[in-house]
Amino acid sequence: MQTVTVGPREIREAVTMREAIDAVRAGFIDLAAGEFEMPTRTALRDGRFLVMSAHHRASASAMIKTLSLNFDRVPAIAGTVVWTETGRVDSLVADAGAVTTLRTGAAVGVATDLLAPANAGRLTLIGAGGQAADQVRAVHTVRPLRELTVVDTGSHRAEVLAEQLAPELSGVQIRTATDTEAAVGDAEIVCCATPATSPLFPEQALPAQVHVNAIGAFRPTMRELPDELLANSTVIIDELEAILEESGEILHALKAGAITQDDLTELGTALTAPQAPRGERTVFKTVGVAMQDWAIARLLADKFLPRT
Ligand SMILES: NC(=O)c1ccc[n+]([C@@H]2O[C@H](COP(=O)([O-])OP(=O)(O)OC[C@H]3O[C@@H](n4cnc5c(N)ncnc54)[C@H](O)[C@@H]3O)[C@@H](O)[C@H]2O)c1
């Protein structure tokens, strides 16, 4: 019996964004089909510590993740992913920071592939922190980028990210910006990845056709998107129970009467039974669910655990 430990560099080298997207897409389909036992996550100290778990019935495998979050720290997210299966005695422990950025990017990749126009190639990313690079990599995997604009309120963060990504994005025109409203004005895809507590831009700042991904808000007190955008878009979410527990912008829009629960479609359902779009704007709102971590941990277990 052994416990195999996998660090951030090994995770990045072992799993490509394409593999992560495919694994997370399959996970969302299984989630919608009721294949997972997945309790709502435990949030301690108002979300400073999170505990998440998922059990996949068909493979009799389970994942438990613990996280600590501190947005005054770099990286903001740290912790551990543990993978176990009833069929084997070996288990795997993986760095939760790397798994989280990869699986959060992967979910955005799945949603963008489903929802963004086929020729969309102009991305505006708001928030150049720990999640940002994998947001860009995921979108670039499903919609090869022509232009990338990075916006961040923190000093030099956008520039540092632009420099980091440049070698991976040859041929892509990359610029940084400070005016968020202007930066989303001609975007074809927008990714929001901030811990903001009020909307990052007004609805009218967006073009008529755009796909928006919002990963940042994971507590009822946090919001990145305005009610009006949610009211006038096709809104796809990761999982209803988690969203109703944690998504500040969805809870705000529901309370304001801008949307009803019937306006929300889970990604796994949308993948298997595409919905008639409401207008030309689409939104993917994710708070992040344990199935996504399970999907990446399963890839790691296949690669790192001894075969039985
Ligand atoms: N949905 C999910 O599955 C998921 C997964 C991981 C992280 N998150 C959330 O995503 C958010 C970002 O995470 P991170 O690890 O990148 O955090 P981070 O602290 O590393 O980066 C956040 C960045 O956003 C910038 N920022 C803050 N407010 C801004 C604003 N109004 N406009 C532009 N930029 C702004 C900050 O300067 C910083 O660079 C957090 O709220 C985190 O909890 C969600």
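The values are calculated or read from the model by the stated rules, or taken from the named source; none is laboratory data. On a predicted model such as this, the values are computed, not experimentally measured, just so you know. Here the Cβ positions follow ideal geometry from the backbone for every residue, glycine too, while neighbour counts run over all protein chains shown.
If we keep just the residues of the range 220-247 that are of a type in the set (Gly, Ala, Ser) and within 16 Å of the ligand (Cβ to nearest atom), which is farthest from Gly268 (Cα to Cα)?
Ser247
Which pairs do you get when a residue that is within 20 Å of Gly109 (Cα to Cα) and of a type in the set (D, E, K, R), found in the range 143-163, comes within reach of a residue that is modelled with pLDDT of 95 or more and within 12 Å of the ligand (Cβ to nearest atom), reach meaning Cβ atoms under 9 angstrom, with the pair 6+ apart or on two chains?
Final answer for the pair search is Glu147/Thr124.
Among residues belonging to the range 111-135 that are away from the ligand (no atom under 12 Å from the Cβ) and either among the charged types (D, E, K, R) or crowded, with 23+ Cβ neighbours inside 10 Å (or both), point out the one that is nearest to Val151 (Cα to Cα). Give the steps one after another, and end with the answer.
Quick first cut of the range 111-135, residues away from the ligand (no atom under 12 Å from the Cβ) only: 112-123.
Imposing the further condition that a residue be either among the charged types (D, E, K, R) or crowded, with 23+ Cβ neighbours inside 10 Å (or both) reduces the set to 112-113, 115-116, 122-123.
Working: Thr112: 20, Asp113: 23, Leu115: 23, Ala116: 21, Arg122: 14, Leu123: 11 Å.
Checked the range 111-135; the qualifying residue nearest to Val151 (Cα to Cα) is Leu123.
Taking the options Arg103, Arg25, Arg73, Arg48, name whichever one is farther than 25 Å from Pro306 by Cα, buried (at least 20 other Cβ atoms within 10 Å of the Cβ) and among the charged types (D, E, K, R).
Going through Arg103, Arg25, Arg73, Arg48 in turn, just one is farther than 25 Å from Pro306 by Cα, buried (at least 20 other Cβ atoms within 10 Å of the Cβ) and among the charged types (D, E, K, R): Arg25.
Hey, among the residues in the range 145-162 that are part of a loop (DSSP other than H, G, I, E, B) and more than 9 Å from the ligand (Cβ to nearest atom), which one's surrounded by the fewest Cβ atoms within 10 Å (Cβ to Cβ)?
Once the filter is applied, the top-ranked residue is His156.
Given the options Gly87, Gly79, name the one that is outside any helix (DSSP H, G or I) and at pLDDT below 95.
Values: Gly79 fails: at pLDDT below 95.
After applying the criteria, what remains is Gly87.
So Trp83 passes all but one of these: (1) touching a strand residue (DSSP E or B) at 6+ places or on another chain (Cβ under 7 Å); (2) within 9 Å of the ligand (Cβ to nearest atom). Which condition number does it fail?
(2) is the only condition that Trp83 fails.
Could you figure out which of (1) in a helix (DSSP H, G or I); (2) touching a helix residue (DSSP H, G or I) at 6+ places or on another chain (Cβ under 6 Å) isn't true of Thr104?
It fails just one condition, (2).
Can you pull out every residue in the range 173-201 that is in contact with a helix residue (DSSP H, G or I) (Cβ under 7 Å, 6 or more places away or on another chain), part of a loop (DSSP other than H, G, I, E, B) and in contact (Cβ under 8 Å) with a residue 24 or more places away in the chain? Quick ask: steps written out before the conclusion?
To start, the set of residues in the range 173-201 that are in contact with a helix residue (DSSP H, G or I) (Cβ under 7 Å, 6 or more places away or on another chain) comprises 174, 176-177, 181, 184-185, 189-191, 193, 200-201.
Adding the requirement that they be part of a loop (DSSP other than H, G, I, E, B) leaves 185, 193, 200-201.
Result: Ala193, Leu200, Phe201.
Can you confirm whether the range 61-72 contains a residue that is free of Cβ contacts under 8 Å to residues at least 24 places away in the same chain, over 27 Å from Ala183 (Cα atoms) and within 10 Å of the ligand (Cβ to nearest atom)?
Yes, the range 61-72 contains a residue that is free of Cβ contacts under 8 Å to residues at least 24 places away in the same chain, over 27 Å from Ala183 (Cα atoms) and within 10 Å of the ligand (Cβ to nearest atom).
Taking Val142 as meeting all but one of (1) within 16 Å of the ligand (Cβ to nearest atom); (2) under 17 Å from the mean Cα position of the chain (by Cα); (3) among the β-branched types (Val, Ile, Thr), write down the number of the exception.
Condition not satisfied by Val142: (1).
Is at least one residue of the range 6-14 out of contact with any helix residue (DSSP H, G or I) (no Cβ under 9 Å at 6 or more places or on another chain), under 23 Å from Ala133 (Cα atoms) and not in a loop (DSSP other than H, G, I, E, B)?
yes
Could you please find all residues in the range 188-213 being crowded, with 20+ Cβ neighbours inside 10 Å and within 8 Å of the ligand (Cβ to nearest atom)?
Passing the criteria: Ala193, Thr194, Ala196, Leu200.
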